[in-house]
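What follows is one structure encoded as structure tokens, with my remarks underneath.
The values are calculated or read from the model by the stated rules, or taken from the named source; none is laboratory data. It should be emphasised that the depicted structure is a prediction, and the values quoted were computed from it without experimental measurement. For neighbour counting, all protein chains shown are included, and Cβ atoms are generated from backbone atoms with ideal geometry for every residue, glycine included.
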Amino acid sequence: MIDGKRVLIILPAWNEAEGLPKILREIQQKLPGVDTLVVDDGSTDSTAAVAAAHGSKVAQLPYNLGVGGAMRFGYRYAHLHDYDVALQCDADGQHDPSYVPTLIAKLDEADLVIGARFAGEGSYKVRGPRSWAMKLLSVVLSRVARTRLTDTTSGYKACNKSMIEFFSHWYPVEYLGDTIESMVGAARCGFVIRQVPVAMRERTTGTPSASPIKATIYLARAGLVLLLAMIRRMPKHVKAIQPGTRTTAARSPQLIGR
Amino acid sequence: MHLTVITSITGVLVLVYILELLRRQQLREKYAAIWLAIGVVVAPLGFFPTILDSTARKLGIASGVSLVLFAGFVLLLLVSLHLSWEASRLEAETRTLAEDVAMMRAYLAEHHDYPIARSNSDAAKATDPGVTA
């Protein structure tokens, strides 16, 4: 519980048995009373067992569905268990849980809050085609969301109740869908998106992809995902979910009956 | 060997194979209808490749054989497109199933001591040795 809200931190994990204990312990220390859900995305190591041993809720997907798939599951879980706030956060320790209260506080004026890496805090830097891709995405998505966004591919996000419901019914699962397309979809359906600056930490496990060829492919794919996200038709039952139910008390009556 | 011998044999074999798959219920009816229609149209062409010559000339194509080649290409394109569509739909369905399975496993683990598999490869091996390499 933070400010009387039930909070769930969703950690999609694929073979993260090594890094999980540290981040889970940190969350429990800094954010007592917050639930964590480790979505084991078809790991071949002991990710699920480690997460359970460290007192987290665990869901095991029977096979690998990718980050988007794991996140979609996380939002379905949060919706089914009626959480007020859901946060997504990497299991590799890049996202500092100390920022969680800041993200949640910002939910007072938004439905979706992004923890942005280039907005002042920290020293995260990228160059070449990858940075062009990120700039292009920032410019386009800032216009779509009608707010200044500087880090649109951040995997550190907080959602309020109506956003959770929206994402539990509609969450893109393909490449970059979990960052770009999910945001475009939310903005197109009228949800308010804001960002708060966060400092990123060095990842403790895994390596980032840095080659220029890979970065160029990334640019091309990001462009395609963006284009598709802009022209894709939103299903009617998804569009019917109304943004702006920021507190449980303000929950509109027509949503409860469904 | 004359061309018509090869084409006619092929036409008949394909038709027989479709019928056999149908007879063994290996093809769903919704696909079977398409393939049967294709087989019935294509098989006679094997025996008489020239029957399309006049139609082809009206369309401005040199010979019936070229027309068949072109039509065949378009047909295969449409069929593979249809299969991609079916695969996308099936993937969405199995994805939802996988999520539901995970949801229930999480509930059972939390409330009824359902075991958490040490790793998914163990869980998969237990049920289907063919799945994991």
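Among the candidates A:Ala17, A:Ala51, the residue that is within 11 Å of chain B (Cβ to nearest Cβ), at pLDDT below 85 and either in contact with a Pro (Cβ under 6 Å, 6 or more places away or on another chain) or over 18 Å from A:Leu112 (Cβ atoms) (or both) is uniquely A:Ala17.
The set of residues in region B:63-88 that are exposed (fewer than 12 other Cβ atoms within 10 Å of the Cβ), among the small types (Gly, Ala, Ser) and under 23 Å from B:Ala43 (Cα atoms) contains only B:Ser80.
Being assigned to a loop (DSSP other than H, G, I, E, B) and either of a type in the set (S, T, N, Q) or in contact with a helix residue (DSSP H, G or I) (Cβ under 7 Å, 6 or more places away or on another chain) (or both) is the filter here; which residues of region A:37-54 pass it? Within region A:37-54, A:Gly42, A:Ser43, A:Thr44, A:Ser46, A:His54 qualify. For region A:24-36, the criterion of being on the phi < 0 side of the Ramachandran plot, among the charged types (D, E, K, R) and part of a strand (DSSP E or B) is met by at least one residue.
Note on region A:52-61: residues that are more than 18 Å from A:Val100 (Cβ to Cβ) and crowded, with 20+ Cβ neighbours inside 10 Å amount to 4.
Consider region B:104-117 and keep the residues that are over 36 Å from the mean Cα position of the chain (by Cα) and exposed (fewer than 14 other Cβ atoms within 10 Å of the Cβ). The one that is farthest from the other protein chains (Cβ to nearest Cβ) is B:His112. When A:Ala48 is tested against (1) on the phi < 0 side of the Ramachandran plot; (2) more than 16 Å from the chain's Cα centre (by Cα); (3) surrounded by fewer than 22 Cβ atoms within 10 Å (Cβ to Cβ), just one condition goes unmet, and that condition is (3). Only one of the numbered conditions (1) touching a strand residue (DSSP E or B) at 6+ places or on another chain (Cβ under 8 Å); (2) more than 14 Å from chain B (Cβ to nearest Cβ) is not met by A:Val139, and that is (1).
Do we find a residue being assigned to a loop (DSSP other than H, G, I, E, B), at pLDDT 80 or above and within 22 Å of A:Lys157 (Cα to Cα) anywhere in region A:237-246? The answer is yes; a qualifying residue exists.
Note on region B:92-103: among residues that are surrounded by fewer than 12 Cβ atoms within 10 Å (Cβ to Cβ) and not small (Gly, Ala, Ser), the one that is nearest to the other protein chains (Cβ to nearest Cβ) is B:Leu97.
Listed by first and then second residue, the pairs linking a residue in region A:58-72 that is more than 7 Å from chain B (Cβ to nearest Cβ) to a residue that is in a helix (DSSP H, G or I), with Cβ atoms under 6 Å apart and 6 or more places separating them unless they lie on different chains, are A:Val67/A:Asp178; A:Gly68/A:Gly177; A:Gly68/A:Asp178; A:Met71/A:Asp178.
For region A:126-158, a residue qualifies if it is surrounded by fewer than 16 Cβ atoms within 10 Å (Cβ to Cβ) and either basic (Lys, Arg) or closer than 15 Å to A:Val198 by Cβ (or both), and the qualifying residues are A:Arg127, A:Lys135, A:Arg143, A:Arg146, A:Arg148.
Checking every residue in region B:65-80 against the condition of being at pLDDT below 90 and in contact with a Phe, Trp or Tyr (Cβ under 8 Å, 6 or more places away or on another chain) gives zero matches. If you filter region A:70-99 down to residues that are surrounded by 24 or more Cβ atoms within 10 Å (Cβ to Cβ) and at pLDDT below 90, you find that the one that is farthest from A:Ile2 (Cα to Cα) is A:Ala91. Within region B:1-31, being among the hydrophobic types (A, V, I, L, M, F, W, C) and either modelled with pLDDT under 80 or within 18 Å of B:Leu69 (Cβ to Cβ) (or both) holds for B:Met1, B:Leu3, B:Ile6, B:Val14. Which of the numbered conditions does A:Gly93 fail, given that it passes all the others? Conditions: (1) over 12 Å from the mean Cα position of the chain (by Cα); (2) under 13 Å from A:Cys159 (Cβ atoms). (2) is the only condition that A:Gly93 fails.
Only residues that are assigned to a helix (DSSP H, G or I), within 19 Å of B:Val5 (Cα to Cα) and over 15 Å from the mean Cα position of the chain (by Cα) were counted in region B:20-71, giving 18.
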